[in-house]
Amino acid sequence: MYLGHQMGNLTEERLQWAAQLGVQHIACEDRRTDSIENEDGTWNVDGLRRVQARCDNWGMKVDVIALNLPSQYMTRQRFPGIMRGLASRDSEIEIIKQNIRATGEAGIACLKYNLNLLGVPRTGRTKGRGGAMYSHFDISKWEDHSLTEAGPVSPEDMWANIEYFLERVVPVAEEARVRLACHPHDPAVPHVGGLRGVHCVLGSVDGMKRFIDIMPSAYHGLNFCQGTVSEMCIDPATEVLEAIRYFGSRGKIFMVHFRNIRGGFLNFDEVYPDEGDVDMFAAVNAYLDSGANAMLCPDHVPHSEVDPHGDKQFSYCLGHTKALLQVAHSLRSR
Amino acid sequence: MGMKIGLGLYPHLLTQENFRYASQVGATHVVAHLPGWSSRGHRPVPADHPWTLDELRELRAAVNEAGLELAAIENFEPHHWSDVLLDGPRKVEQMAGLKTIIRNMGRAGIPVMGYNFSLAGVYGRTTGPWARGGAKSVGYVRDQAPAPDEIPNGTVWNMVVDADAPAGTIGRVSQDQLWSRFRWFLEELIPVAEEAGVRLALHPDDPPLEELRGTARLVWKPELYRRVFDLVPSDCNMAEFCQGTVSEMNGDIDVYQAIEEFTAAGKIAYVHFRNVRGKVPDYHEMFVDDGDVDMVRALRLYHQNGFDGVLIPDHTPGLECAAPWHAGMAYAIGWMRATIALIERNEA
């Protein structure tokens, strides 16, 4: 396990900032700066090579690129057909396949993606330490119960769309030797009834287990968002460690969103790593024990009016994670 | 009660906004670096006026209001004690002012006064892209340091305290002269500190050269701290233990041994926790996890020897972003918080 950072804006300044903090592995969400993505959604290998070269200049490696399947609400998706089962999905999947092949050709090992309809629903913010604002979800405060543009989406509908997608892209990923890292559904919503009629089947540990079993492939796995997994649990302190061991030992953890929460299923705050319910050092050890070997990157950080760009919050989280990794590795090398 | 993390704030940073930032990154204490500070905002106050009880109470209240503790004040104004350092004609008058400050601190409930008994002060360091990723940091590099010219009259700590001073320099100041001035300082002030319940905490000389600008330096080897403590034995005669400076000391120096010795002796009031690469006359300041010193081991030694005081990151290389200093401090504090928590539960 090693320190990484997920970056939406790969300017030279941002790359230098990351390098200064000791980051050597990048998950790149920026397909614009190096003109990776063409207008039609396909990717060009030269762009991928450019971003690799620029990171290499700072001693950093592009471990992961983000497919254009973000954690956004369905109407803001570039490729909405995939998760809505629309007629457009076949042509969308062709583009994703091309992206995978281009990534393989450029020698980048992993793609991260979401299979998302609802975006990331939250119900406001909770005031935290020093007046920082923590992203908050409490199902009892959720007010919009209207159906979405997708209408009712049963678990069966959702699984059918997921399977349709995986059956077509995972073989391509195997051929291209590119691992596909899927983010679970953030947050978990009621298993019966869902949220706004949408059943988020990747919002439970059982759902994640079923998901990885759909395709028995070493290239099919998870962007293991530890925060999201915590949000699925009644008792995150114990269940998250079990989930890490389960997926880690099966070689399914391709990268980690390393964040913490206070609370659990259907009611939580996204807090600083050192004040949540999950013992982050125990988590690091669980990854290591499980045999996982992937980047730990901070994900969401608290909002702060004295830190509009989030630089201080991210620097804090990177320092915290760095120390946990440093101590865990040094204990193991004794 | 274990080790505590503080943030050192310079005068212009002593604001509610920065107190909120300190809390956000998990600091519980503030060390106020006070020279240049005025509780009256931009209205100038005479720099030689001893800090009043009201001013100190106001400062502490502002820190407390943000949910933080004021751990220490760092450094007198040069005007407060220039003649104490220089053995000048106003030294008795200035000493009365220092005593007033210490008594006022005691009444205001500020437990530690950090100081640096030095004429040349922090001098001769340069800045360059020396830290990881080309981050700007400071260092002392013999070939780049400005000439160690003798100190002009009317100047201490690189600050002019008497603009009307006659031309010329203060000349050479020997070890004996310096220690004799320091002895007088301690003999006068320690009894007052004891009565006020304020600990005086001496910073070592940075850069730790035996002599700089023709003037002797007080603590430029770890063992000189022993001499400091023996000079006027008292629980109020302590160290502002700058681990960074101790790491920079040349010769057969063992920073870990120094940490153990002075922690076990109960002589560390608070710690400047920073990392460096190299030693005088050539060293650079580094990120906390990236220098010559094994910082996990260092923290373990403070803990094992019973230290339960405050550590501040002291300095940081500047990060390439809109808030270079703040982000750098946030990184250091994040690292320290994780490591201290693991050490205190015996997992590191």
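The values are calculated or read from the model by the stated rules, or taken from the named source; none is laboratory data. None of the values given here were measured: they were computed from a predicted structure. Cβ: placed from backbone, ideal geometry, glycine included. Neighbour counts: every protein chain shown.
Just to check your reading of the model, which residue among B:Pro129, B:Pro146, B:Pro166 is over 22 Å from the mean Cα position of the chain (by Cα), within 14 Å of chain A (Cβ to nearest Cβ) and either part of a strand (DSSP E or B) or farther than 30 Å from B:Thr52 by Cβ (or both)?
Working: B:Pro146 fails: within 14 Å of chain A (Cβ to nearest Cβ); B:Pro166 fails: within 14 Å of chain A (Cβ to nearest Cβ).
Matching residue, one of B:Pro129, B:Pro146, B:Pro166: B:Pro129.
Residue-by-condition table, conditions (1) under 20 Å from A:Val256 (Cβ atoms); (2) in contact with a Pro (Cβ under 7 Å, 6 or more places away or on another chain); (3) within 7 Å of chain B (Cβ to nearest Cβ); (4) modelled with pLDDT of 95 or more:
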{"position": "A:Met295", "(1), (2), (3), (4)": "yes, no, no, yes"}
{"position": "A:Asp299", "(1), (2), (3), (4)": "yes, no, no, no"}
{"position": "A:Lys312", "(1), (2), (3), (4)": "no, no, yes, yes"}
{"position": "A:Ser315", "(1), (2), (3), (4)": "yes, no, yes, yes"}
{"position": "A:Lys322", "(1), (2), (3), (4)": "yes, no, yes, yes"}
{"position": "A:Gln326", "(1), (2), (3), (4)": "yes, no, yes, yes"}
Looking at region A:149-172, can you tell me whether even one residue there is in contact with a Ser or Thr (Cβ under 6 Å, 6 or more places away or on another chain) and either basic (Lys, Arg) or not in a loop (DSSP other than H, G, I, E, B) (or both)? yes
Answer yes if at least one residue in region B:286-294 is out of contact with any Pro (no Cβ under 9 Å at 6 or more places or on another chain), buried (at least 19 other Cβ atoms within 10 Å of the Cβ) and more than 13 Å from chain A (Cβ to nearest Cβ), and no otherwise. yes
Subset of region B:295-329 (residues that are within 12 Å of chain A (Cβ to nearest Cβ), outside any loop (DSSP other than H, G, I, E, B) and of a type outside the set (A, V, I, L, M)): B:Arg297, B:Arg300, B:Gly318, B:Pro324, B:Trp325, B:His326, B:Gly328
Within region A:44-74, residues crowded, with 23+ Cβ neighbours inside 10 Å and in contact with a Ser or Thr (Cβ under 7 Å, 6 or more places away or on another chain) come out as A:Leu48, A:Ile65
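Quick grid of which residues meet (1) within 14 Å of another protein chain (Cβ to nearest Cβ); (2) within 30 Å of B:Trp335 (Cβ to Cβ); (3) in a helix (DSSP H, G or I); (4) touching a Pro at 6+ places or on another chain (Cβ under 7 Å):
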residue: A:Val23; (1), (2), (3), (4): yes, yes, no, no
residue: A:Ile26; (1), (2), (3), (4): yes, yes, no, no
residue: A:Asp34; (1), (2), (3), (4): no, no, no, no
residue: A:Leu48; (1), (2), (3), (4): no, no, yes, no
residue: A:Cys55; (1), (2), (3), (4): yes, yes, yes, no
residue: A:Pro70; (1), (2), (3), (4): no, no, no, no
residue: A:Phe79; (1), (2), (3), (4): no, no, no, no
residue: A:Ile82; (1), (2), (3), (4): no, no, yes, no
residue: A:Lys97; (1), (2), (3), (4): no, no, yes, no
Determine the pairs where a residue that is among the hydroxyl-bearing types (Ser, Thr, Tyr), located within region A:73-89, has a partner that is part of a helix (DSSP H, G or I) and at pLDDT 95 or above with Cβ atoms under 8 Å apart, the partner being 6 or more residues away or on another chain. A:Ser88/A:Gly81
Which residues, counting only those in region B:185-238, are among the basic types (Lys, Arg) and part of a helix (DSSP H, G or I)? B:Arg226, B:Arg227
Would you confirm whether or not region A:183-204 contains a residue that is touching a Lys or Arg at 6+ places or on another chain (Cβ under 6 Å) and β-branched (Val, Ile, Thr)? no
